[in-house]
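First comes the structure, then the notes that go with it.
The values are calculated or read from the model by the stated rules, or taken from the named source; none is laboratory data. Quick caveat: nothing in here was measured; it's all calculated off a predicted structure. For neighbour counting, all protein chains shown are included, and Cβ atoms are generated from backbone atoms with ideal geometry for every residue, glycine included. Side chains are part of the model used for accessible areas, which takes the heavy atoms of the whole protein and leaves out ligands, DNA and RNA. Shrake-Rupley method; radii C 1.70, N 1.55, O 1.52, S 1.80 Å.
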Amino acid sequence: MPAAAERTTPGTGGPEGRIARLGRSAQTRWQAAGLLEKAVSAAALLVVVFLAVMVVKLPWAGDLGIHAATLERLRHDLGNPGDPLVKADVNSPYYSPWMLFLALIGKISGATTFQVLHLAALINLVLLVTGIRQFVRTLTTRRAAVPLAILCVTLLYGWELFTWSGFPGATSLALCIAYPSTFAMGTAFHLWAMLRTALARDWGLARYLALGALLAVVALSHQFTGVVTVFGLLAILLGARPWPGKAAWLRIGAAAALALAILLVWPYYSFFSLLSVGGLEAVHQPLYQHLVSRFGLLALGIVALALRFRRDRRDPLVLFFAFGALVYAVGGLTQHWSYGRVLPAVFISAQVALAVELAGEAGRRVRRILVPVTAAALLVGCWSQVGALNYVASMESVPVLGSAPTQHEWGGYQWITEHVKYGQVIMTKDYFALRQAPAYGPYTVESGYPDFFLKNEAQRAKDTRRFFAKSTSRAERLALLRKYHVRWVIQFRSDGGFAAGDPALKKVASGPDGEMLLKVV
């Protein structure tokens, strides 16, 4: 066969051969893309399954006690529940619309407080996953974007484990899946998606008012997430294309006015009085420490935001990031460390932007670099949080993997419920008793958590220390018991207090760690 004929044989050379090779190359790329999309979807499903296990497990740690105590008070008195932790007739920011809804479910169904918290965890998980899905789908139609966003939002932080309520990392969610902060975050994603839909489809006034009411619910349920939610809504409005018309702005104004009105009339606590509370700075200072090791992987998200900024100077995710970064920077410069609670605005905007760009919005050349680098970053992020798997099984049966969780699961405090009745007061200085006992109905003298509206919070802590101090006389201890109507004391033998065998106290039970439950005679 002549050489020229060989070069032009269909399927091996010439135009037909080139077309065939291009077709095979495209088919190979499509197959590879399909396999990659399946792998991403499977990985995202594993994260969701892990969080679903946490719904069942509901680790007893962190702030679970304050939320359980809040439900206990509302279940017993919807109208005037008082302080959730100590026996005092004061308001509390923990009495939110979300907790009121859960308490009503408990009263109507007869479910226990912890059964209701399991239900709350399930609802929160559904809200969060579907919220991410709905919001991402308003940004792109590419199917891989949603599982990528789930992976980025839960895993893409840093190589040093860091957990905080209201932060949507996998380990934080493992602890906080039943908390109001997770409810607020899941609802925020839905709000952002609904506002983008409202602008695109020209919703009517009634639907905009529903958005305003939902925003108020988020703000009342978790105030810091409420700020992040507002930043996201502002970014969507200012980044809208085409620019909203006059009618849309009037509806938006009406929705904002309704949200403000609900915040003003909420009967359980004064929302705006929270602006003047103190004591928030020291506890939030860690939000400004070790930033590179804790959040360094987010640099990939910033690259994605830069790509979006080049295409659109008013991109909503870019504006969302800018609002969060600006407030965070102001907090660092002025040492208002509580401003660091806006970090989810920085995280989410960068993480979602990266997911959308990886799914196909960025060019092929950029994706060739971003895809493998992001895969490596997600593996690092996964390793930094894989220690959360220890919540699935006991710490004794499973070795600590990766970074150890900052909070270990606690043993329950239900062992006191056979003796201590609802509303009775306990004197204790034990860390776990203060944070767990109120979850089962009793009160403590000292508040186990920061209590913004409790005016004598410092005095209660001082009196608790004085009760157990060696230098305190027996008469003074008896006076303190009478002052706070104490019926029980929980302490270890080494804690101090009354001398062994004192007739003022009678030992009734012992806890699993050796703590004593003493009845005031």
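Quick check, is Arg133 without any contact (Cβ under 8 Å) to a residue 60 or more places away in the chain and farther than 24 Å from Ala219 by Cβ?
Numbers: without any contact (Cβ under 8 Å) to a residue 60 or more places away in the chain: yes; farther than 24 Å from Ala219 by Cβ: no.
Taking the combined requirement at face value, the residue does not satisfy it.
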Worksheet item: Only one residue in Gly381, Gly331, Gly340, Gly363 is free of Cβ contacts under 8 Å to residues at least 40 places away in the same chain and either surrounded by fewer than 17 Cβ atoms within 10 Å (Cβ to Cβ) or in contact with a helix residue (DSSP H, G or I) (Cβ under 8 Å, 6 or more places away or on another chain) (or both). Which one?
Response: Gly363
Worksheet item: Ser273 fails exactly one of the following numbered conditions: (1) open to solvent by less than 50 Å² (accessible area, probe 1.4 Å); (2) at pLDDT 95 or above. What is the number of that condition?
Response: (2)
Practice prompt. Looking only at the range 491-518, count how many residues are open to solvent by 80 Å² or more (accessible area, probe 1.4 Å) and under 19 Å from Glu446 (Cβ atoms).
Written response: 1
Discussion item. All but one of (1) open to solvent by 20 Å² or more (accessible area, probe 1.4 Å); (2) under 17 Å from the mean Cα position of the chain (by Cα) hold for Leu151; state the number of the condition that does not hold.
Written reply: (1)
Worksheet, complete the sentence: Expected single match for over 28 Å from Asp63 (Cβ atoms) and free of Cβ contacts under 8 Å to residues at least 60 places away in the same chain among Lys506, Lys462 is Lys506
Worksheet entry | Meets criteria (surrounded by 15 or more Cβ atoms within 10 Å (Cβ to Cβ), part of a helix (DSSP H, G or I) and out of contact with any Phe, Trp or Tyr (no Cβ under 9 Å at 6 or more places or on another chain)) for Leu370 | yes
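Can you find even one residue in the range 94-113 that is more than 22 Å from Ala377 (Cα to Cα) and touching an Asp or Glu at 6+ places or on another chain (Cβ under 8 Å)? First the steps, then the outcome.
Of the range 94-113, the ones more than 22 Å from Ala377 (Cα to Cα) are 94-113.
Now narrow it down to the ones that are touching an Asp or Glu at 6+ places or on another chain (Cβ under 8 Å): 113.
Yes, some residue in the range 94-113 is more than 22 Å from Ala377 (Cα to Cα) and touching an Asp or Glu at 6+ places or on another chain (Cβ under 8 Å).
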Worksheet item: Has the range 126-138 got any residue that is closer than 30 Å to Arg196 by Cα and outside any helix (DSSP H, G or I)?
Response: yes
Worksheet entry | Counted residues, the range 224-245 - those being open to solvent by less than 50 Å² (accessible area, probe 1.4 Å) and either part of a helix (DSSP H, G or I) or of a type in the set (Val, Ile, Thr) (or both) | 10
Discussion item. Tell me yes or no: at least one residue of the range 427-442 is outside any loop (DSSP other than H, G, I, E, B), open to solvent by less than 50 Å² (accessible area, probe 1.4 Å), β-branched (Val, Ile, Thr) and modelled with pLDDT of 95 or more.
Written reply: no
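Residue-wise test of (1) over 20 Å from the mean Cα position of the chain (by Cα); (2) within 30 Å of Leu78 (Cβ to Cβ); (3) modelled with pLDDT of 95 or more; (4) not charged (D, E, K, R).
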residue	(1), (2), (3), (4)
Leu264	yes, yes, yes, yes
Leu280	no, yes, no, yes
Ala299	yes, no, yes, yes
Ala306	yes, no, yes, yes
Leu319	yes, no, yes, yes
Gly324	no, no, yes, yes
Worksheet item: Scanning for something in contact (Cβ under 8 Å) with a residue 60 or more places away in the chain, out of contact with any strand residue (DSSP E or B) (no Cβ under 8 Å at 6 or more places or on another chain) and open to solvent by 50 Å² or more (accessible area, probe 1.4 Å), does the range 305-320 turn up at least one residue?
Response: yes
